[in-house]
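The structure is given below, and queries will be raised subsequently.
Throughout, read-outs are computed from the coordinates displayed, never taken from laboratory work. Note that the coordinates shown come from a computational prediction; the quantities given were computed from them, not determined experimentally. Because the Cβ atoms are built from the backbone with ideal geometry, glycine has one as well, and the counts that use them run over all protein chains shown.
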Amino acid sequence: MVKTDTQENTLLVGFPSNGLVGTFAISYLIHSLKMRQIGEIEVPDLPSTLFVENGEILAPIRVYNKKNIFVIISDVPFNQYLAEGFAHAIHEFCKRNSVKKIIIVSGMETVNKEKDSPKIFGLVTHSILENTLYNNQISKFLDGSIFGTDAAIISVFRKTKIPALVLYAECHPFFPDPEASIVAIETVAGILDVKVDIQDIKNKIDKLRIQHRNLMEETIRTLQQQEKQGSTPQIYR
């Protein structure tokens, strides 16, 4: 695909995880930046699933683009085996489209959430992205365990030449958390140097929580299965 901007091609990735942070944040960025859908991603053994929105049939894993920014978003959570297929599909997409770095948005479980704005932490697979953390005042993820889809993607990209940055926003693990998503949206917008109006998502916080209850329940079940299979604790600090 031909570059339409002098900047490097960057891929954003979002999928259901703690607090549905990745789902909310990436969906809102697609909407706010008026990105257009350019394709779909197929993952081996993924059960046939389709979504209907305003009469339009949508695949569960879609690809969007605007200028040098690409997005892959999944509306379904992955078990351990599907997560590996998803990670490899992302890597193949990056190679085909000359993507130079990827940014994954996810949620970090925090049990004792204070009233202050949720904090965000970053983890990089390659030292070349350390400056991105510093320049955007993102605290580094220092200690913890990672499993599931996050771990699958990190495992693939740390062995490649394509650097990955994972953004973890503190969130409630059992309920959709739009407030944590807002922090993630603002952080990604700062990294990409794009303007994003977050007023719309602020106005719809309660509605978003209600609308996504079923997806949150399905995501919790998937995360719990991953935890048992991997015998590792939730992400912690």
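Can you tell me how segment 1-132 classifies by the Cα gyration tensor, rounded, prolate or oblate, using a/c under 1.5 as the rounded cut?
Cα axes put segment 1-132 in the rounded bin.
Sticking with this one: Could you list the chymotrypsin sites (Phe, Trp or Tyr not before Pro) in segment 155-187 that lie in coil according to DSSP, counting only those with at most 15 other Cβ atoms within 10 Å of their Cβ? The partial results should precede the final answer.
On the way: sites: F157, Y168, F174; in loops: F174.
Counting only loop positions with at most 15 other Cβ atoms within 10 Å, the chymotrypsin sites (Phe, Trp or Tyr not before Pro) in segment 155-187 are F174.
Something else: Loop only by DSSP, 15 or fewer other Cβ within 10 Å of the Cβ. Give me the trypsin sites (Lys or Arg not before Pro) in segment 26-89 that pass, ordered by residue number.
Details: sites: K34, R36, R62, K66, K67; in loops: K34, K67.
Of the trypsin sites (Lys or Arg not before Pro), the ones in loops of segment 26-89 whose Cβ has at most 15 other Cβ atoms within 10 Å are K34, K67.
Based on the alpha-carbon gyration tensor of segment 130-173 and its eigenvalue square roots a ≥ b ≥ c, which shape applies: rounded if a/c is under 1.5, prolate if not and a/b is larger than b/c, or oblate?
Because a/c hits 1.5 or more and a/b fails to exceed b/c, segment 130-173 counts as oblate.
Spelling out what I want: for every residue of segment 192-199, take phi, set θ = phi - 60°, compute 6.51 cos²θ - 1.76 cosθ + 1.60 (Karplus), and round to whole Hz; glycine and proline get x.
7, 6, 10, 8, 10, 8, 9, 4
Subtracting the Cα-Cα distance from 0.36 nm times the residue separation, let me have the gained length for R36 to K140 in nm, one decimal.
Working it through step by step, the gained length comes to 34.2 nm.
Assuming 0.36 nm per residue, please report the length gained on full extension of the stretch N131 to E56 beyond their Cα-Cα distance.
Result: 22.9 nm gained on full extension.
Could you pull out every residue, at least 5 positions away or on a different chain, whose amide H is within less than 5 Å of the one on I38? Hs are placed 1.01 Å off N in the peptide plane, and Pro or chain starts have none.
V63, Y64, N65
Assign one of three labels to segment 75-180, namely rounded, prolate or oblate, based on the Cα gyration tensor with a ≥ b ≥ c the square roots of its eigenvalues; rounded applies when a/c is under 1.5, prolate when it is not and a/b is larger than b/c, and oblate otherwise. Don't jump to the answer; show the numbers that get you there.
On the way: a/c = 2.16, a/b = 1.32, b/c = 1.63.
Oblate shape, in that a/c is at least 1.5 and b/c is the bigger or equal ratio.
Among the listed pairs K67/K100; K95/K195; K66/K140; K67/K195, which have their C-alpha atoms separated by more than 26 angstrom in this model?
Numbers: K67/K100 14 Å; K95/K195 28 Å; K66/K140 29 Å; K67/K195 14 Å.
Result: K95/K195; K66/K140 exceed 26 Å.
Another question, then. Counting other Cβ atoms within 10 Å, keep those with at most 15, restrict to DSSP loop, and tell me which GluC sites (Glu not before Pro) in segment 82-166 are left.
Qualifying residues, ordered by number: E114.
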